[in-house]
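Take a look at the structure below.
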Amino acid sequence: MGDHITRRARMVSEQIAARGVRDTDVLDAMRSVPRHLFVPSEFESRAYMDSPLSIGYGQTISQPYMVALMTELLQVNVRSRVLEVGAGSGYQTAVLAELAGEVYAIERLAQLEERARRALGVLHYNNVRMAIGDGTRGWLERAPFDGILVAAAADKAPPPLLEQLAEGGRMVIPLGAAGREQTLTVFAREGAKITRQASVECRFVPLLSGEDVVAGGPAARERRAAPDTDANGEQEGDAVKCVRARVYGRVQRVYYRASARAEGERLGLNGWVRNCADGSVELQMQGREQAVDAMLDWCSVGPPAAEVQRVEVDAVDPDDTLAGFGVRQ
Ligand code: SAH
């Protein structure tokens, strides 16, 4: 452990402060968050190096300097409510949670969201709320935000995100084509006016828009065919998991419940699905971990007529009285 603390202190002085990040709160946060708990275990020894690392599914945990710089540019404090789009490993989420009052983080890949949420839970970040879904639409029920941090590159700032910026709020987002040099850009709202300022050049994975996100669902599910193996050689898929999920967007009057029941039965899950008065749909599902993850992936896309914006997931105690997958009124 002491070793990790030393490595973090070196990371901060040699990679971050040396490149000009001055905000002492940001530097303290970077010294505190155990980055090695957010990278795949085979990369643990490289957790404090000056580079991004693969976190699977074609995604990366950002370079520590980039995380620090984006956080500094966002200028958040304990009174801030922050939205993060593209939570990935959850590391940037943790850094934000050290500084801001409330953090709302969206990730489109259920597997990454799950892993990030688990790591943040172990570290007791209880000012973080996560959701699976398309972050380009923002998180309307929690808006406006004092800070919005987008960790994937877009051609232009998604309009819903600009609309969800609070007075005096700031958004940090890489702009430019995927695979090319992009420009880290800061948007700031002052009354009706939004200013824009370029920061450094950077390189991020692409921010996928609504249609790409839907197309990404099945591909993400395919990878489950080879489940991750943990340190003991046990397959993750053997564990039993029980979650409650709330699905927002256009999800009622689109056969969401009937389709969810069919999908739940196909995956061999126990549970139920019901409509809520606020227009969302709620599900409880329990069964093999892999099957529950596959169901959550399905939920973030839904039947053809649905337009899912977001899925919020909470772990719940198993309910032994459940048998089969039913529709509840
Ligand atoms: N800050 C993160 C960066 C992860 S890479 C970290 O350091 O770990 C960017 C992430 O954005 C990926 O996990 C990708 O799945 C996610 N992403 C891409 N488009 C998205 C979208 N429209 N909505 C939500 N997440 C998205």
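Among the residues examined, GLU201 qualifies as over 26 Å from VAL78 (Cβ atoms), without any contact (Cβ under 8 Å) to a residue 60 or more places away in the chain, in a strand (DSSP E or B) and more than 16 Å from the ligand (Cβ to nearest atom). Among residues of the stretch 310-329 that are of a type in the set (S, T, N, Q), those with a Cβ under 7 angstrom from a residue that is surrounded by fewer than 17 Cβ atoms within 10 Å (Cβ to Cβ), sequence gap 6+ or separate chain, pair up as GLN329/ARG274. Annotation: CYS276 fulfils all but one of (1) buried (at least 19 other Cβ atoms within 10 Å of the Cβ); (2) touching an Asp or Glu at 6+ places or on another chain (Cβ under 8 Å); (3) not aliphatic (A, V, I, L, M); the unmet one is (1). Looking across the stretch 20-32 at every residue that is out of contact with any Leu (no Cβ under 8 Å at 6 or more places or on another chain), assigned to a helix (DSSP H, G or I) and not small (Gly, Ala, Ser), the one that is nearest to TYR91 (Cα to Cα) is identified as MET30. Considering only residues that are aromatic (Phe, Trp, Tyr) and without any contact (Cβ under 8 Å) to a residue 60 or more places away in the chain, look in the stretch 15-63 and name the one that is farthest from the ligand (Cβ to nearest atom). My answer is TYR48. In the stretch 99-124, which residues are away from the ligand (no atom under 11 Å from the Cβ) and buried (at least 19 other Cβ atoms within 10 Å of the Cβ)? Hits for the stretch 99-124 are LEU99, ALA100, VAL103, TYR104, GLU114, ARG117, LEU120. The residue of the stretch 294-327 that is farthest from LEU112 (Cα to Cα), among those that are in a strand (DSSP E or B) and of a type in the set (A, V, I, L, M), is VAL327.
Residue pairs whose Cβ atoms lie under 6 Å apart, sitting 6 or more positions apart in sequence or on different chains, and linking a residue in the stretch 105-129 that is in contact (Cβ under 8 Å) with a residue 60 or more places away in the chain to a partner that is more than 13 Å from the ligand (Cβ to nearest atom) and not aromatic (Phe, Trp, Tyr), are ALA110/ASP293; ALA110/LEU296. The set of residues from the stretch 148-170 being in contact (Cβ under 8 Å) with a residue 60 or more places away in the chain and within 25 Å of ILE55 (Cα to Cα) comprises ILE148, LEU149, VAL150, ALA151, ALA152.
Any read-out appearing in this document is the output of simple, stated calculations on the displayed coordinates, not a laboratory observation. Just so we're clear, the structure is a prediction, and the values are computed from it rather than from any experiment. Every residue, glycine as well, gets a Cβ built from its backbone with ideal geometry; the counts of neighbours run over all protein chains shown.
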